[in-house]
Every structure is written in structure tokens, then in C-alpha cells.
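The values are calculated or read from the model by the stated rules, or taken from the named source; none is laboratory data. Predicted model only: the values in this text are computed from it and were never measured. Glycine gets a Cβ as well: all are built from the backbone with ideal geometry, and neighbour counts include every protein chain shown.
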Amino acid sequence: MLVKDLIAVGHRLSELRGLTIAELKQLQPAISRAGAFDRDIVLKLERAVDDCDVDAFGMVLRFVFAASPPALAVDVYGHAVRYIGQRWQDGQLGVGGEHRLSAKARDILTAATSALAPAAHRRPIAFATLGDERHELGLLAGAYLAASLGHRMIYFGAGMPARALAVDVAESAAALLVISAVHSVPGGSLQEDLVWLDRGLPEDIPIWIGAHEATIAHLVVPSRMVVVRDYAEFRRRLSMTFES
């Protein structure tokens, strides 16, 4: 029954297979706020995007982070961000509207993450994107989830040079480095950047890469690096790694 309930609110069976009862129950808090609440909020966010109503979009998204468990809030946020991109690609949303809505999403998520800082009690985690990668909305969501689990943040943001990042992360005493990769093309800089990080960062600092399969399909990912494909997996890995 627990597995069926989790699948009903968006978790995939492949993510749940092999988890203990205790680990499955860690995913349960999102269930109580899902369903009708989730659908109504998603429709309001989509309507605000369609109307390019930045104020309404911000009001609804702020409510999501104030009233929802972190896992559900990030799921709704992720849908909203994807919808903005989809409407822009479809030509239904102008560049200015896309930028304004994305900036509002970024501001709200940054504020929600900062609000969690006073409760931080776990080892710090570093977050960055590499080189030419300027998309950080997914990276910000990962930072929020980590903060919700009590981790201190070392947020480098977008476009960090790999060599400088390796030095800075090592000096920061971070327990983990999280990289987000949204776009990557064969022959691009990401492959070289990953190699530099692998060589330059001490072995006792793990490196996780948040990316979809298509983004990294052409890359040779160093063996020490863990590819994390969605927020649910990221949150589960954090819990299993640092909450034991």
C-alpha cells in the first residue's frame, strides 16, 4: 500500500525498488499535500504563465513553499519552470516574459532556501554549474532540498571555471560537491571540466552531477562521480548518505 501511494503521487517504481520500509516512509510527507491541492496549484501557476502575470505567479509559488513539504514544493516548482520553458519554445511566451517569470522563480526559491539557514546543523554542501552552463534553476532546487535536510550551503552559482572550483571547494571543507548540467554537446567543454574536477578535488569529497540521461550520454563520466537524475533521487541519496 505504501508503494502504491508513493507511485500515485509521482514516484517511479524504479526509484522505490530496493528501499527499506523506513526509507519509503521518508518519502511519505509529500503524500498528505498531494492530490487536489497539487492539481489546483499547478493550474494556477500555468494560468499565470499563460497570462505572463508575474505577480500572480510569484504569489502562488510563494504559497507553495510556505505550505508544502519540501519534496512536493520542489516538484511543483520544477513543473512551473518546465512549463515556462515549454511556452517560450512554443512561441506563446516572449523572451522578456520568460526572463521575468524565471527571475521570479529564482528569487522565491532563493528566499525559501535562506529562510532555512538558521536551522542548518549538517555538514556544508557546495553547489555550482561549470563553464558555459548558465542555467541554475535546477541547481537552486537542489540547494533548497539540501537546506531542508539541515545542510549548510556553499553556493557558487553558475558558470564556475573547473580549476578554480576544485580549489575553492577543497578550501571550503565541503562534504559534497553538486554540479548541475542542463546542456551539453559533443566536443563541448563539460567533458574537460569533469576531468579537471576529478583530478583537482580531493578523493574524500564526493561529486554528484544532476543531469538527464540525454545530457551526459556522449560523456565519459569519471568513476568517482555519481549521476543523479531527479530531485527524488537526490533527496534520497542525501538522506541515506548524511542521516545515518
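Just to be sure, is residue 176 outside the structural domain of residue 71 (by TED's automatic domain parsing), crowded, with 17+ Cβ neighbours inside 10 Å, within 23 Å of residue 235 (Cβ to Cβ) and not small (Gly, Ala, Ser)? Yes, satisfied.
When residues in the stretch 201-244 are screened for being closer than 23 Å to residue 81 by Cβ and surrounded by fewer than 19 Cβ atoms within 10 Å (Cβ to Cβ), 9 of them pass.
Only one of the numbered conditions (1) in a helix (DSSP H, G or I); (2) at pLDDT below 95; (3) touching a helix residue (DSSP H, G or I) at 6+ places or on another chain (Cβ under 9 Å) is not met by residue 140, and that is (2).
Residues in the stretch 78-94 that are in contact (Cβ under 8 Å) with a residue 40 or more places away in the chain and touching a helix residue (DSSP H, G or I) at 6+ places or on another chain (Cβ under 6 Å) were compared, and the one that is surrounded by the fewest Cβ atoms within 10 Å (Cβ to Cβ) is 93.
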